[in-house]
Amino acid sequence: MSEFRLDELSASNIVAANSLTLKPGQEQFIAPVSYSVAGAFINPSTSWSRVVLDAEDRVVGFIMGNFDPESRHEEFRSCIWRINVEADQQSRGVGRFAVLSLAEEARSRGFKRVTVIWEPGDDGPGAFFTRVGFKTVGETEYGETIGAMEL
Ligand SMILES: CC(C)(COP(=O)(O)OP(=O)(O)OC[C@H]1O[C@@H](n2cnc3c(N)ncnc32)[C@H](O)[C@@H]1OP(=O)(O)O)[C@@H](O)C(=O)NCCC(=O)NCCS
């Protein structure tokens, strides 16, 4: 059994979720430009947000996805929109657990793939996404990498 579990974002954990810290140098990777631009057009009713709790019920991560089969943009139909693991809890498998949980949610909704967009760079999440199963399938107009995981 995993030492982590998901919980819905709620009044009792939203402050902790908003207080998750980043390692120095990671700030610039948290919100790729494509997501900031598209954010204005994303319907909040299609988003899916969860916190990751550890065995002591501490919030150690946050993941947000978008599931919208009607989206005009293929890369926003079943995608990871945000993922952040508490700085001193990174490299313990929290991120992988969050991604695989989102992939399971996508599968249960009938999607065949999950996509994610990231900024390339040494302190960025590219190596993580590749390690957990994403393959590069394209590039955005802003030079970001588009990755996809087949389900
Ligand atoms: C990217 C992030 C979510 C990864 O979370 P994490 O909990 O540290 O990742 P995990 O411990 O689950 O790592 C899973 C695998 O990826 C590898 N990995 C993780 N980060 C890596 C990195 N920077 N470089 C190389 N490999 C990495 C791990 O070694 C592990 O490999 P394994 O298969 O050998 O065990 C976390 O670093 C983070 O919050 N970054 C800042 C926010 C961010 O950039 N979000 C992405 C926005 S698009």
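If the requirement is being part of a loop (DSSP other than H, G, I, E, B) and of a type in the set (Lys, Arg), which of these qualifies: ARG107, ARG50, ARG82, ARG92?
Details: ARG107 fails: part of a loop (DSSP other than H, G, I, E, B); ARG50 fails: part of a loop (DSSP other than H, G, I, E, B); ARG82 fails: part of a loop (DSSP other than H, G, I, E, B).
That would be ARG92, the only listed residue that is part of a loop (DSSP other than H, G, I, E, B) and of a type in the set (Lys, Arg).
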query: Going by the conditions given, is GLY138 surrounded by 19 or more Cβ atoms within 10 Å (Cβ to Cβ), in contact with a strand residue (DSSP E or B) (Cβ under 7 Å, 6 or more places away or on another chain) and not in a helix (DSSP H, G or I)?
result: no
Apart from one, (1) touching a helix residue (DSSP H, G or I) at 6+ places or on another chain (Cβ under 8 Å); (2) under 22 Å from GLU27 (Cα atoms) all hold for ALA127; the odd one out is (1)
Checked against (1) free of Cβ contacts under 8 Å to residues at least 40 places away in the same chain; (2) touching a Gly at 6+ places or on another chain (Cβ under 8 Å); (3) within 8 Å of the ligand (Cβ to nearest atom); (4) not charged (D, E, K, R), ALA127 satisfies every condition except (2)
Within region 73-105, residues surrounded by fewer than 23 Cβ atoms within 10 Å (Cβ to Cβ) and more than 12 Å from the ligand (Cβ to nearest atom) come out as HIS73, GLU74, GLU75, PHE76, ARG77, ALA103, GLU104, GLU105
Of (1) without any contact (Cβ under 8 Å) to a residue 40 or more places away in the chain; (2) farther than 14 Å from LEU6 by Cβ, VAL33 satisfies every one except (1)
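Taking the criterion of being in contact with an Asp or Glu (Cβ under 7 Å, 6 or more places away or on another chain) and either among the acidic types (Asp, Glu) or at pLDDT 90 or above (or both), would at least one residue in region 9-18 satisfy it?
yes
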For region 136-151, pairs from a residue that is within 22 Å of ARG107 (Cα to Cα) to a residue that is part of a loop (DSSP other than H, G, I, E, B), with Cβ under 6 Å and 6 or more apart or across chains, are GLY147/PHE134; MET149/GLY133; MET149/PHE134; LEU151/LYS112
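Pick from ALA55, ALA16: which is more than 14 Å from the ligand (Cβ to nearest atom) and loosely packed, with under 13 Cβ neighbours inside 10 Å?
Working: ALA16 fails: loosely packed, with under 13 Cβ neighbours inside 10 Å.
Just a single option satisfies the conditions, and that option is ALA55.
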For region 59-71, pairs from a residue that is within 15 Å of ILE30 (Cβ to Cβ) to a residue that is open to solvent by less than 10 Å² (accessible area, probe 1.4 Å), with Cβ under 6 Å and 6 or more apart or across chains, are GLY61/VAL52; GLY61/VAL94; GLY61/ALA98; PHE62/VAL51; ILE63/ALA98; ILE63/LEU102
When every residue in region 34-51 that is at pLDDT 90 or above and within 14 Å of the ligand (Cβ to nearest atom) is compared, the one most open to solvent (accessible area, probe 1.4 Å) is ARG50
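The values are calculated or read from the model by the stated rules, or taken from the named source; none is laboratory data. Just so we're clear, the structure is a prediction, and the values are computed from it rather than from any experiment. Note that each Cβ is placed from the backbone with ideal geometry, even for glycine, and that neighbours are counted across all protein chains shown. What goes into the accessible areas is simple: the full protein's heavy atoms, side chains included, and nothing from ligands, DNA or RNA. Shrake-Rupley method; radii C 1.70, N 1.55, O 1.52, S 1.80 Å.
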